[in-house]
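Inspection log for the structure reproduced underneath, given as structure tokens.
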């Protein structure tokens, strides 16, 4: 009877290790692809779907405002008092905290720490001269920018979720009413959530900014554009708008102004883009 001689297979352990390494790499690749798909879906939701929702919401709100104005006769109470008759005083700010900043619409979309609604109140903002004060965070005016083909509702306050993320423009608390002496200042998203202010960088001197309030129309004319400033530059929404960062930017005499603010560059919240206009007499 022959003795059993075991057969030793060379390299089986090495092949096993290679197989284990390949499995690990395959699992890592699958996880990477899955994570990429999830990120892509989030981007699609943030950039595309939120725009669809906000645009539809803003469009419906504009139509609702126009219908309500057509159905009800305008009321003409006394003009709202000028919040700063001398055009001076402390610049109004959208925050209640000790370090005010201009929160004029997120360039990076929801979740941006420096974007709109990261601070600020949705109350106080003058409603205009042609009607009773609207409910908090309800639209009361329509901003039309013919050069951009833009028609957007305006609501009191700059709260992100309640106002700006709906595709509305938000009226900074404490700034003047449309058509009133002082500075009627509004904020809007530049990217995502309807992005109403995406192309305000294209505005030039002489372009019209039309604000409709029940029974009234106020036409402002673009005068100056501040291409970039910091989020803390609250002078841009002061009664006499000016930049505290660049003292040579802005105005130095009382009047009736409009200010549009948003973030810049696009898809970021690092700086602020500002457009100023004056009321056409």
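Nothing in this text is a laboratory measurement; each read-out follows from the coordinates by a stated rule. Just so we're clear, the structure is a prediction, and the values are computed from it rather than from any experiment. For neighbour counting, all protein chains shown are included, and Cβ atoms are generated from backbone atoms with ideal geometry for every residue, glycine included.
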Query raised in the report: Hey, quick one: spin label on residue 53, modelled 7 Å out along Cα-Cβ, who in region 159-195 has an amide N within reach, i.e. under 15 Å?
Result: 160-168, 192-195
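How much length, in nm to one decimal, is gained on full extension between residue 210 and residue 63, taken as 0.36 nm per residue of separation minus their Cα-Cα distance? Kindly include the intermediate steps, with their values, before the conclusion.
Details: separation 147, 0.36 × 147 = 52.92 nm, distance 1.65 nm.
That pair, residue 210 and residue 63, stretches by 51.3 nm at full extension.
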Query raised in the report: How high is the FRET efficiency from residue 221 to residue 33, r the C-beta distance, R0 51 Å, rounded to 0.05?
Result: 0.45
